[in-house]
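Structure first, commentary second.
The values are calculated or read from the model by the stated rules, or taken from the named source; none is laboratory data. Computed from a predicted structure; not experimentally measured. Glycine gets a Cβ as well: all are built from the backbone with ideal geometry, and neighbour counts include every protein chain shown.
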């Protein structure tokens, strides 16, 4: 992922992804198109079909994003076939919009940059986006999502949000291990995850994993003060900065 010039206004640079495996809506949509503004981290969520094709994605993007914010200078996404298709690339080439691709498992990360891990938690699934800050704005560079199964679906909200953090640390362990990390959350009780009394066996395992492999602290940041709060609609989010 090559660095972009610093944005001059919101919505010049956008990162987009399609989160699948969500509960079905009455209209049959099982997925959500997520578009994030680099400058402010504001996000838009648009329900869509799991097997949405490039032409439909363009229409949805225009009706949801372009209608409100205009044509972007750059769009960053993964190498999903719909985003590498001739139709998708041809559409944005005619508007002179720069297309960049990130890698889910091999993001290009400068050792001197800050990395922010913004983790979305949902009743049925958890997801995360790994974000890089090189001094010219925050740039999401990798994604993950995991549908909850079995007993995970019955976890209390406290444990679901903690699980989102654990999954994110495991996914990007090679980038976070050995560094001082600060976890920003808008769920107050998680601030005391390490010191709370009467831990369950599951919580003990999670804390042991974090304590063994990472240097971190958990800080409560109310949603209205958290820049990542835009991503918490309809999910909850924790931001991990190293």
Point to revise | Positions within region 82-105 being loosely packed, with under 13 Cβ neighbours inside 10 Å and free of Cβ contacts under 8 Å to residues at least 24 places away in the same chain, in sequence order | key: 86, 90, 93, 94, 96
Review point. Consider residue 228 against the criteria (1) surrounded by 12 or more Cβ atoms within 10 Å (Cβ to Cβ); (2) in a helix (DSSP H, G or I); (3) at pLDDT 80 or above: it satisfies all of them except one. Which criterion is unmet?
Key: (3)
Exercise for review: May I ask you to list pairs of residues, at least six apart or on different chains, whose Cβ atoms are under 7 Å apart, with the first in region 167-184 being assigned to a helix (DSSP H, G or I) and the second being buried (at least 18 other Cβ atoms within 10 Å of the Cβ) and modelled with pLDDT of 85 or more?
Suggested key: 169/210; 169/214; 176/169; 176/214
Check your understanding: Could you count how many residues in region 203-221 are part of a helix (DSSP H, G or I), out of contact with any helix residue (DSSP H, G or I) (no Cβ under 6 Å at 6 or more places or on another chain) and surrounded by 14 or more Cβ atoms within 10 Å (Cβ to Cβ)?
Key -> 5
Review point. How many residues does region 70-88 hold that are touching a strand residue (DSSP E or B) at 6+ places or on another chain (Cβ under 6 Å) and closer than 18 Å to residue 56 by Cβ?
Key: 3
Check your understanding: Within region 50-63, can one find any residue that is modelled with pLDDT under 80, surrounded by fewer than 12 Cβ atoms within 10 Å (Cβ to Cβ) and farther than 29 Å from residue 169 by Cα?
Key -> no
Check your understanding: Is at least one residue of region 90-99 part of a helix (DSSP H, G or I), touching a strand residue (DSSP E or B) at 6+ places or on another chain (Cβ under 7 Å), more than 30 Å from residue 182 (Cα to Cα) and at pLDDT 85 or above?
Key -> yes
Study note, to complete from the structure: When residue 79 is run through (1) surrounded by fewer than 16 Cβ atoms within 10 Å (Cβ to Cβ); (2) at pLDDT 85 or above; (3) farther than 17 Å from residue 7 by Cα, the failure sits at (2)
Review point. What tally of residues in region 143-168 results from selecting those that are within 15 Å of the chain's Cα centre (by Cα) and more than 24 Å from residue 220 (Cα to Cα)?
Key: 2
